[in-house]
Amino acid sequence: MPDAPLQNLVRRLGLTSKDQDFLLATLALEVDPLFATTVAGLAGEEPRHGISPRVAAQIFRAEGDEAMTLVLSAGHPLTRSAILETQAAPTTPDTLKTWRMAPRVVQYLAGSDAIDPQLRRIGRIVPVPEGIDVTHVKATTEMLDRAFAQGDNVVLCIEGLDGIGRRTLVAHVAALHGKQVIAIDLGRLSAERARFAAAMRALQRECWLRGAVPLVARVDAVPEARRVEVYQEIGELLEGTDGPAFVTCQAGTALPELERRLVRLRLDPPSARQRLALWVRALAGHPTRTGFELAEAVQFFVLTPQSIERAAANVRMLAAGRELDVTDVRAGVQAETQERFSGLAARVAVTQKWDDLILPQDTLDDVRAFSARASHAAEVYEKWGFRDKLQRGLGLSALFSGPPGTGKTMVAGLIAQSLGLDLYVVDLSQVVSKWVGETEKQLGKIFDAGAMGNVVLLFDEADALFAKRTEVKSSNDRYANLEVNYLLQRLEAYSGIAILTTNLEGSVDPAFMRRLASHVRFYAPELAERERLWRTLVPASAPLADNIDYEGLAERWEEFAGGHIRNAVLRAAFLAAAENTSISNEHLERAARSESRAMGNIVGEH
């Protein structure tokens, strides 16, 4: 027969008989009105603040040394575990502090198994899935098993991508030793320090009540501005538990200084075979179209186990009971990828065709060469086995440099379209932060999400991020150089396709140039190219007058690149629509003059 809750608590905390008496007195104060009246009579005031050592001594008729055993210090098991709480200031002498039993403890002793309400928003008991496959993380699993078996007061830091299964693995090993894992997620950190501190105490208390193991997840999610105070709370939590404790974070995250020994363990993404097995299990029983091969549909999506579960749920919803196909799988992954980018990059729909592209032949040849290399990357790396020979530099990166409006962004979209990939444009305003380390953290999220979703990343106006490193004359210079160094490492390690565009080629750090698979220079269009642009940018379905002088437009507006001509054509279309007439040469001339003025030119009559 299992022990009663009180017996469990006494055993876990190692309570003496006097400790038990004090604990039961605080319980009686919460549940017995007559006892509360007695305490009020002894204390001479309302008992709402709890029981003091003096009142406890009166209750138990303790004197001298025996009475001193009822004084609870900060290191006492009942206070260290947050079973009893005080409202007294930290400077109040221990002999004057009053103590009350935490509401969750009252519920626990009454037989309730519900988790502390203060944990429900940011914490939970980590579930242990059935049939979990840990063969690909055998070494990490064995290390965790030894930590539980030996009961060391060690902090194990599990590094890896969000959703890779760090919490699940710890819960799996803990279950083998008859323990639960309770995790608190710092990605859901409250803005109020007091509320967060209360949640950390609730986690500590819940672990003592259940004999569970604490896990602080996503330490890297703590904003720089709050890191000192949060790390202090984390340190107090980890020092206040017996046996192993756990934290999870991205690789290389700085952790608070601890008295306990800290061991870092790395959890790598599952292999292609393991990912396929996860997909098969997640989509088991769902009908598929004839000829559909799940292995081919998912082979390039390097998702974590959690992301595969979520993407598979998206697939089931999109298929709505019908036979699923490759389109459903891609759409399900796309929905998960968008969530991963968290507003740091936006998916851009590509509607143009290669026939719409007008470039000098040399530039076009360079573009097609890069596109061809990207289209054959899977064959070379996967089927030919080069992935196993190369640890880094498996991705493709290119720099598109040239004046504004010359087609750099359009070409990036066409390359993504030709490869059947999504194009995500990085929002630099959301990435760059004044806080030290925050820019690198945001960039890490972008590269991780890009690799998982197998997308093309576009860093538009990349010189804002990839600028030359400078001589260190201040702390700002040093941190800026650290950001560039981090970018160099991530760009080289990135397994997908990244395209950088810039109008200022000379401002890009030379170290990036050496790591590029291709550098394509875009030039302002010549006369013949401008004429073709004026002709092709008007849709065939648009009403067009017969008097259009394309050659004259190309000659007169020689400063226009493709983007400027596109703007002028669109402006002319709205002018014509407002006048309920066809687009005429006069509309195009008026629109061109407006576009030229927008470029900052002083425009006279042409």
With the requirement that a residue be in a loop (DSSP other than H, G, I, E, B), buried (at least 20 other Cβ atoms within 10 Å of the Cβ) and in contact with a helix residue (DSSP H, G or I) (Cβ under 6 Å, 6 or more places away or on another chain), what does the range 109-162 give you? ASP116, ILE122, VAL126, GLY160, LEU161
Among the residues of the range 2-29, write down those that are more than 43 Å from the chain's Cα centre (by Cα) and among the acidic types (Asp, Glu). ASP19, ASP21
Looking at (1) surrounded by 19 or more Cβ atoms within 10 Å (Cβ to Cβ); (2) touching a helix residue (DSSP H, G or I) at 6+ places or on another chain (Cβ under 8 Å); (3) small (Gly, Ala, Ser); (4) at pLDDT 85 or above, which is the one condition that is false for ALA412? (2)
Filtering the range 205-232 down to residues that are among the basic types (Lys, Arg) and part of a helix (DSSP H, G or I), which residue is nearest to ILE184 (Cα to Cα)? ARG205
Being open to solvent by 60 Å² or more (accessible area, probe 1.4 Å), aromatic (Phe, Trp, Tyr) and either modelled with pLDDT under 80 or closer than 26 Å to HIS564 by Cβ (or both) narrows it down to one of PHE370, PHE386, so name that one. PHE386
Expected single match for of a type in the set (Gly, Ala, Ser), touching a strand residue (DSSP E or B) at 6+ places or on another chain (Cβ under 9 Å) and either closer than 24 Å to ASP366 by Cβ or open to solvent by 30 Å² or more (accessible area, probe 1.4 Å) (or both) among ALA540, ALA573 is ALA573
Identity of the residue in the range 426-459, in contact (Cβ under 8 Å) with a residue 24 or more places away in the chain and more than 17 Å from the chain's Cα centre (by Cα), that ends up surrounded by the most Cβ atoms within 10 Å (Cβ to Cβ): PHE459
Quick check: anything in the range 250-258 open to solvent by 60 Å² or more (accessible area, probe 1.4 Å), of a type in the set (A, V, I, L, M, F, W, C), assigned to a loop (DSSP other than H, G, I, E, B) and on the phi > 0 side of the Ramachandran plot? no
Could you check, for the range 114-126, whether at least one of its residues is modelled with pLDDT of 85 or more, touching a Ser or Thr at 6+ places or on another chain (Cβ under 8 Å) and closer than 19 Å to ILE308 by Cα? yes
Across the range 70-108, what is the total count of residues that are polar (S, T, N, Q) and either buried (at least 18 other Cβ atoms within 10 Å of the Cβ) or in contact with a strand residue (DSSP E or B) (Cβ under 6 Å, 6 or more places away or on another chain) (or both)? 4
Considering the range 463-473, residues that are over 22 Å from the mean Cα position of the chain (by Cα), of a type in the set (A, V, I, L, M) and at pLDDT 60 or above, and then whichever is farthest from LEU428 (Cα to Cα), we arrive at ALA467
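The values are calculated or read from the model by the stated rules, or taken from the named source; none is laboratory data. What you see is a predicted model; the values in this text were computed from it and never measured. We place every Cβ from the backbone using ideal geometry, glycine too, and count neighbours over all the protein chains shown. These accessible areas exclude ligands, DNA and RNA; they are computed on the full protein's heavy atoms, side chains included. Shrake-Rupley method; radii C 1.70, N 1.55, O 1.52, S 1.80 Å.
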